[in-house]
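The values are calculated or read from the model by the stated rules, or taken from the named source; none is laboratory data. Because the structure is a prediction, the values reported are computed rather than measured. Using ideal geometry, Cβ is built from the backbone for each residue, glycine included, and neighbour counts are taken over all protein chains shown. Heavy atoms of the whole protein, side chains included, go into the accessibility calculation; ligands, DNA and RNA do not. Shrake-Rupley method; radii C 1.70, N 1.55, O 1.52, S 1.80 Å.
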Amino acid sequence: MTLILSLDALLTGKPALLAPDVLSAMGKAPVAGPVRIGWLGLEGDAVADPVHHGGHDKAVHLVPQDHYPWWRSQLDDHPLLGSPGAFGENLATRGATEEALCLGDRFELGTALLEISHGRQPCSKLNARFGRKDVLAKAVASGHCGLYLRVIREGEAQAGKPMTLVERSHADWPIARVFKLLVGGGHKTDPAGVATLARMPVLAEAWRDRAEKLAS
């Protein structure tokens, strides 16, 4: 299939306090010009909690900007939603959401090659980021959480250039389905699906472990 995403921005950030005792690198800003994409992500980017963030399976975080109108309706036009980066994304894209982006999809972005490894499991830092108590719950219920990509080939990319699907090997596994099974409680009605995910090497190791536990 032909799928081309537009890239509004590439974003990087450093750890900072979102609230007292809440350290996060979720506050990211757009980078002008070409950005190097290495095995562990965008040059100049960092994580605050290397135990739960970063690494090869979480090298690049993508959030569809297509969700932003919905979020604005839910969060009273929160000022953070006026520009990309509200959810700590590295890639602010348009053209497809988790319903159409599949596990294992490979995209060329500039000279880099990226592969979707799993969805993002939201945490309470979202509430701290927005200064509200309901953002995490809304993220889980909606599945509007974005996704992670691993780097298959290092390279360089720039905002405004296309992000093009070049390989799709698991069309039956959109990230929305994976998220629903492993985070949204869907494992209760589809144990066979969860067992299948546990055997899929393309799925990030942490989520394979989660699938194994849910399937047992």
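Does segment 29-46 contain at least one residue that is closer than 18 Å to CYS123 by Cβ, open to solvent by less than 10 Å² (accessible area, probe 1.4 Å) and touching a strand residue (DSSP E or B) at 6+ places or on another chain (Cβ under 8 Å)? Looking for residues that are closer than 18 Å to CYS123 by Cβ, open to solvent by less than 10 Å² (accessible area, probe 1.4 Å) and touching a strand residue (DSSP E or B) at 6+ places or on another chain (Cβ under 8 Å), one finds none in segment 29-46, hence no. Among the residues of segment 163-182, the one identified as open to solvent by 30 Å² or more (accessible area, probe 1.4 Å), of a type in the set (A, V, I, L, M, F, W, C) and either part of a loop (DSSP other than H, G, I, E, B) or more than 27 Å from THR111 (Cβ to Cβ) (or both) is ALA171. Inspect all residues belonging to segment 130-152 and state whether any of them is of a type in the set (D, E, K, R), outside any helix (DSSP H, G or I) and in contact (Cβ under 8 Å) with a residue 12 or more places away in the chain. Yes: segment 130-152 contains one or more residues that are of a type in the set (D, E, K, R), outside any helix (DSSP H, G or I) and in contact (Cβ under 8 Å) with a residue 12 or more places away in the chain.
The single condition among (1) touching a strand residue (DSSP E or B) at 6+ places or on another chain (Cβ under 6 Å); (2) buried (at least 20 other Cβ atoms within 10 Å of the Cβ); (3) farther than 24 Å from THR2 by Cβ; (4) not aliphatic (A, V, I, L, M) that GLU154 does not satisfy is (2). The residues of segment 8-51 that are under 18 Å from the mean Cα position of the chain (by Cα), hydrophobic (A, V, I, L, M, F, W, C), farther than 18 Å from GLU154 by Cα and not in a loop (DSSP other than H, G, I, E, B), listed by number, are ALA9, ALA29. ALA195 falls short on exactly one of the conditions (1) touching a residue at least 40 places away in the same chain (Cβ under 8 Å); (2) over 26 Å from LEU5 (Cβ atoms); (3) not in a loop (DSSP other than H, G, I, E, B), and that condition is (1).
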